[in-house]
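Notes to accompany the following structure.
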Amino acid sequence: MKTKIFLNLPVRDLDKSIAFFTELGFSFDAKFTNEKGTCLIIGENIFAMLLLEDFFKTFTQKEICNTTTSTEMITAISVESRDKVDEILSAVLKGGGKLHNEAKDYGWMYQRDFFDLDGHHWEVFFMDESQIPDNTEA
């Protein structure tokens with residue numbers, strides 16, 4: 001069995017979160033979806049479990065991170081082109097998300113980041129690994 005990654009993120013309104021990420025072009029795994037949460041498919045073996053806050057709290061004794069004042073992590077997703085980065089960020093704004101920074105263009109990598117409806121920090125980027133500068137010193 002291949003290793004799979006399941007990120008678990010608390011959300012306040014499951015239906016709004018599903019609509020938001022659907023607008024960004026993502027889909028969900030119905031096998032892991034009910035009234036308490038859903039499984040956002042990010043890649044072949046990468047998923048985000050969007051769990052209603054009360055259900056999320058059953059998995060931890062710690063407080064849920066207040067995303068208006070703190071960042072617990074940045075979830076970075078690579079996509080196939082610069083145009084796809086911009087397409088997703090346009091959908092973010094249309095869906096009610098918020099941009100975090102201006103686009104960053106390093107030539108070999110182009111990235112933009114945003115906050116989803118619950119304040120979780122996401123980064124979307126395109127990277128051409130063949131263009132990464134050689135940082136080794138002679």
Checklist outcome for this item: Descending packing, highest mean Cβ count within 10 Å first, for 59-69, 112-122 is 112-122, 59-69
Checklist entry - What's the long-distance tail for segment 59-101, i.e. % of Cα pairs beyond 14 Å? => result 66
Item to check | Karplus-derived HN-Hα couplings along segment 118-124 (A = 6.51, B = -1.76, C = 1.60, θ = phi - 60°), whole Hz, x at Gly and Pro | outcome: 9, x, 5, 8, 10, 10, 10
Checklist entry - Rg/Rh for the chain: what does it come to with C-alpha atoms and Rh from Kirkwood? => result 1.01
Next on the checklist: Within 13 Å, Cβ to Cβ, of GLU35, how many net charges do the neighbouring residues add up to if Lys/Arg are +1 and Asp/Glu are -1?
Outcome noted: -2
Item to check | Helical mean residue ellipticity (222 nm; -39500 (n - 2.57) per DSSP H run of 4+; nearest 500) of the chain | outcome: -6000 deg cm²/dmol
Item to check | Virtual paramagnetic centre 7 Å along Cα→Cβ of GLU23, amide N under 18 Å, in segment 111-132 | outcome: 113-124
Next on the checklist: For the pair ARG12/ALA103, report the inter-label distance in nm, with labels modelled 7 Å from Cα in the Cβ direction.
Outcome noted: 3.0
Checklist entry - Mind checking the angle between helix 82-95 and the chain's longest principal axis? C-alpha axes, 0 to 90 degrees, to the nearest 10. => result 30
Checklist entry - Quick one: SER130, SER27, fewest Cβ neighbours within 10 Å first, how do they rank? => result SER130, SER27
Item to check | Tilt relative to the chain, helix 14-23 - C-alpha long axis, 0 to 90 degrees, to 10 | outcome: 30
Item to check | Percent antiparallel among DSSP beta bridges (both partners in the chain, rounded to 5) | outcome: 65
Checklist entry - Around VAL11, which amide H atoms from residues at least 5 apart in sequence, or from another chain, sit under 5 Å from its own amide H, with H modelled in the peptide plane? => result LEU51, LEU52, GLU53
Checklist entry - Residue by residue through segment 45-58, which ³J(HN,Hα) values in whole Hz follow from phi under the Karplus form 6.51 cos²θ - 1.76 cosθ + 1.60 (θ = phi - 60°), with glycine and proline marked x? => result 10, 10, 9, 10, 7, 8, 10, 4, 3, 4, 6, 4, 5, 6
Next on the checklist: Within segment 1-93, how many Lys pairs that are eight or more residues apart, or on different chains, come under 29 Å at the alpha-carbon?
Outcome noted: 20
Item to check | Amide H contacts of ILE77 (H built 1.01 Å from N, under 5 Å, at least 5 apart or other chain) | outcome: GLU123, VAL124, PHE125
Checklist outcome for this item: For LYS62 and MET127, extending 7 Å from Cα along the Cα-Cβ vector and measuring point to point gives, in nm, a value of 2.5
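Rule-based calculations on the coordinates, nothing more; no lab input. All values reported here derive from a predicted model rather than from experimental measurement. A quick note on method: Cβ atoms are made from the backbone with ideal geometry, for glycine too, and the neighbour counts reach across all protein chains shown.
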